[in-house]
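What follows is a short report on a single structure.
The values are calculated or read from the model by the stated rules, or taken from the named source; none is laboratory data. All of these numbers come straight from a predicted model, not from anything done at the bench. FYI the Cβ positions are ideal-geometry reconstructions off the backbone, even for glycines, and counts take in every protein chain you see.
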């Protein structure tokens with residue numbers, strides 16, 4: 001049972017200590033929590049007067065001390081995330097008790113620090129920050145945002161040098177952080193755009209083609225017309241056969257996964273009250289998402305993780321005023337920060353994530369989309385899995401479930417696809433330790449590994465698939481979780497089409513990037529992973545392109561039959577091959593999806609069967625459009641709009 005405090009967007013366990021056994025750990029910790037509180041008072045006696053002034057009751061002080069004991073944090077850290085007092089009010093009260101001036105705001109232009117010095121303040125293990133400030137010509141001040149230990153140090157220096165108190169001023173951490181961040185923006189932008197390209201140019205999608213790929217494509221565009229002009233029947237048959245091989249390979253992969261889906265295992269998930277829990281960083285990239293902000297905040301508030309070891313970064317484009325206004329309209333706790341990304345090209349989700357990553361301090365990183373509703377215990381499950389596995393397990397993918405399948409046939413087919421992918425194909429790949437193409441959200445990373453492989457590629461519009469393949473090339477593996485993330489599928493054809501064009505374009509990008517050195521890719525991946533990579537990226541795109549060709553040829557056959565036009569042997573062979581390919585493709589697609597559906601989701605399966613040819617034709621049109629867009633605007637990110645929904649919270 002939980003109590004939802006929607007005004008502050010947080011969640012608290014609701015229990016009565018009277019119902020607990022005599023020697024329950026919570027009671028024992030509460031009996032000793034005075035030690036944590038007294039420790040804070042011993043180093044900074046002025047804290048008691050500040051807490052009295054702020055109206056913090058003795059019961060709340062004991063509760064916060066207990067949490068600090070459980071979480072391995074400080075009393076101040078627990079107080080600031082509790083919502084009992086605002087960050088500004090607490091630092092103002094403490095500054096008054098210590099005897100130094102408090103600043104409500106800082107003009108970033110008056111900081112006497114270049115971008116490197118500002119950046120150095122973020123690249124620190126602790127939360128305490130300081131800066132040099134010019135308040136007036138010839139008047140220089142040191143501004144600090146002390147952590148709990150810092151108050152005692154500040155008091156000690158002020159007592160040792162009475163005049164020092166006039167040259168030091170206290171500011172809230174969020175205010176100082178925002179000012180430093182404003183000055184560090186140019187450096188952060190350069191890092192986000194260039195870090196991967198400068199360190200691993202062979203893995204960056206900034207250049208769509210490498211020279212030999214450009215040369216090969218040019219030769220192909222010259223030789224294909226020549227071949228069709230000199231030997232049209234043979235050229236058509238060979239080209240057709242190559243594409244059909246990939247089409248059948250995709251069907252075979254789905255069929256193998258369908259008949260050997262690993263059994264679903266449900267393990268007990270618990271969140272231990274331990275000081276060893278790491279800081280968890282939650283990244284959410286938002287662009288033109290003002291309508292879904294309230295739902296997003298409520299969804300994130302349900303995540304079960306100690307608030308003093310949780311940080312949520314809401315990453316917005318600096319010129320997206322509507323989304324920023326929608327976020328700031330809500331009172332946010334100190335562990336929620338709005339990160340503003342300066343406008344620059346490409347305007348992509350991975351660029352925003354790459355910009356925000358250096359601003360996080362979590363050992364584990366998870367990313368969500370604006371429309372996501374993650375399971376409350378998803379972070380706990382991911383941490384348990386990381387704890388029980390070796391360092392080679394670098395990423396965990398939560399299953400994505402579609403909540404609006406009943407809206408119309410587009411949403412229904414989208415949900416059917418997701419069931420096949422996240423409950424069927426991905427678990428099978430993970431079970432067999434084959435390269436896993438990640439989904440675009442709910443990816444949980446070990447931070448050190450994510451940074452080791454270069455982070456997100458700002459120029460790849462399917463950064464998830466690229467990361468999964470790059471992890472595999474570095475010797476790491478990915479697995480799947482059981483706690484799902486629920487989201488909504490596009491319900492209109494235009495939104496669906498734009499999203500699918502971006503996906504196809506990104507898969508082509510990813511294949512081109514990792515096939516720049518085919519021998520290196522084959523050497524770095526196990527043989528089965530290399531084969532599956534070709535099927536998942538090149539095969540899925542080619543099979544989608546081929547579907548429209550097959551439909552066109554079957555339509556031509558119908559016309560020939562209607563007008564009694566005789567067919568040659570080669571044409572009959574191609575038609576037979578086309579029919580077999582389509583039947584195998586449809587059968588494997590439907591079989592994998594049906595086996596992945598839950599019993600109640602199988603109702604109306606006949607509608608999925610009937611609509612599959614139409615849906616695959618829609619996919620084929622999107623694939624052809626992706627080819628054109630790859631040439632015209634390879635790094636353009638087509639935004640998928642999300643609509644407002646209603647979430648009911650129970651007390």
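Exactly one residue among 318, 251 is assigned by TED's automatic domain parsing to the domain that holds residue 379, touching a residue at least 12 places away in the same chain (Cβ under 8 Å) and either crowded, with 19+ Cβ neighbours inside 10 Å or more than 17 Å from the chain's Cα centre (by Cα) (or both), and that residue is 251. Exactly one residue among 290, 281, 301, 270 is touching a residue at least 12 places away in the same chain (Cβ under 8 Å) and over 28 Å from residue 641 (Cα atoms), and that residue is 270. Filtering 294, 275 for residues that are part of a loop (DSSP other than H, G, I, E, B) and either outside the structural domain of residue 444 (by TED's automatic domain parsing) or within 22 Å of residue 441 (Cα to Cα) (or both) leaves a single hit, 275.
If you check 3, 10 for being surrounded by 12 or more Cβ atoms within 10 Å (Cβ to Cβ), out of contact with any helix residue (DSSP H, G or I) (no Cβ under 9 Å at 6 or more places or on another chain) and at pLDDT below 60, only one passes: 3.
If you take the residues of the stretch 476-509 that are within 22 Å of residue 532 (Cβ to Cβ) and in contact with a strand residue (DSSP E or B) (Cβ under 9 Å, 6 or more places away or on another chain), which of them is surrounded by the most Cβ atoms within 10 Å (Cβ to Cβ)?
Ranking the candidates gives 478 first.
Can you confirm whether the stretch 435-447 contains a residue that is surrounded by 24 or more Cβ atoms within 10 Å (Cβ to Cβ), modelled with pLDDT of 95 or more and assigned to a helix (DSSP H, G or I)? No, because not a single residue in the stretch 435-447 is surrounded by 24 or more Cβ atoms within 10 Å (Cβ to Cβ), modelled with pLDDT of 95 or more and assigned to a helix (DSSP H, G or I). Where residues in the stretch 581-610 are at negative phi and part of a loop (DSSP other than H, G, I, E, B), which of them is modelled with the highest pLDDT? So the residue we want is 597.
Just one of the listed residues (176, 217) is part of a helix (DSSP H, G or I), crowded, with 17+ Cβ neighbours inside 10 Å and under 36 Å from the mean Cα position of the chain (by Cα), and it is 176.
Mind checking which residues of the stretch 319-358 are assigned to a loop (DSSP other than H, G, I, E, B) and either in contact with a strand residue (DSSP E or B) (Cβ under 7 Å, 6 or more places away or on another chain) or farther than 22 Å from residue 179 by Cβ (or both)? It would help to see each step written out before you state the result.
So in the stretch 319-358, the residues assigned to a loop (DSSP other than H, G, I, E, B) come out as 319-320, 329-335, 342-348.
Of everything in the stretch 319-358, those that are assigned to a loop (DSSP other than H, G, I, E, B) and either in contact with a strand residue (DSSP E or B) (Cβ under 7 Å, 6 or more places away or on another chain) or farther than 22 Å from residue 179 by Cβ (or both) turn out to be 329, 330, 333, 335, 343, 345, 346, 347, 348.
For the stretch 423-431, does any single residue satisfy the condition of being assigned to a loop (DSSP other than H, G, I, E, B) and crowded, with 18+ Cβ neighbours inside 10 Å? Taking every residue of the stretch 423-431 in turn, none turns out to be assigned to a loop (DSSP other than H, G, I, E, B) and crowded, with 18+ Cβ neighbours inside 10 Å.
All of 205, 131 fail the test of being closer than 23 Å to residue 455 by Cα and outside the structural domain of residue 459 (by TED's automatic domain parsing), apart from 205.
Can we say residue 391 is closer than 30 Å to residue 188 by Cβ and in contact (Cβ under 8 Å) with a residue 24 or more places away in the chain? Yes, satisfied.
Pick out the one residue from 420, 411 that is part of a helix (DSSP H, G or I) and in contact with a strand residue (DSSP E or B) (Cβ under 9 Å, 6 or more places away or on another chain).
Exactly one of 420, 411 is part of a helix (DSSP H, G or I) and in contact with a strand residue (DSSP E or B) (Cβ under 9 Å, 6 or more places away or on another chain), namely 411.
Of the conditions (1) surrounded by 14 or more Cβ atoms within 10 Å (Cβ to Cβ); (2) closer than 20 Å to residue 352 by Cα; (3) modelled with pLDDT of 85 or more, residue 117 satisfies every one except a single condition; which number is it? The number of the failed condition is (2). If you go through the stretch 452-468 and keep only what is surrounded by 24 or more Cβ atoms within 10 Å (Cβ to Cβ) and over 15 Å from the mean Cα position of the chain (by Cα), you end up with just 459.
The lone criterion from (1) surrounded by 15 or more Cβ atoms within 10 Å (Cβ to Cβ); (2) at negative phi; (3) at pLDDT 90 or above left unmet by residue 153 is number (3).
Here residue 67 fulfils each of the conditions (1) within 30 Å of residue 306 (Cα to Cα); (2) outside the structural domain of residue 39 (by TED's automatic domain parsing); (3) part of a helix (DSSP H, G or I) apart from (2). Considering the stretch 465-580, the qualifying helices (runs of 4 or more DSSP H), each wholly inside and each with 3 or more residues that are more than 27 Å from residue 234 (Cβ to Cβ), run over 493-514, 518-524, 527-533. Here 398, 394 are screened, and the one residue that is more than 26 Å from residue 601 (Cβ to Cβ) and touching a helix residue (DSSP H, G or I) at 6+ places or on another chain (Cβ under 6 Å) is 394.
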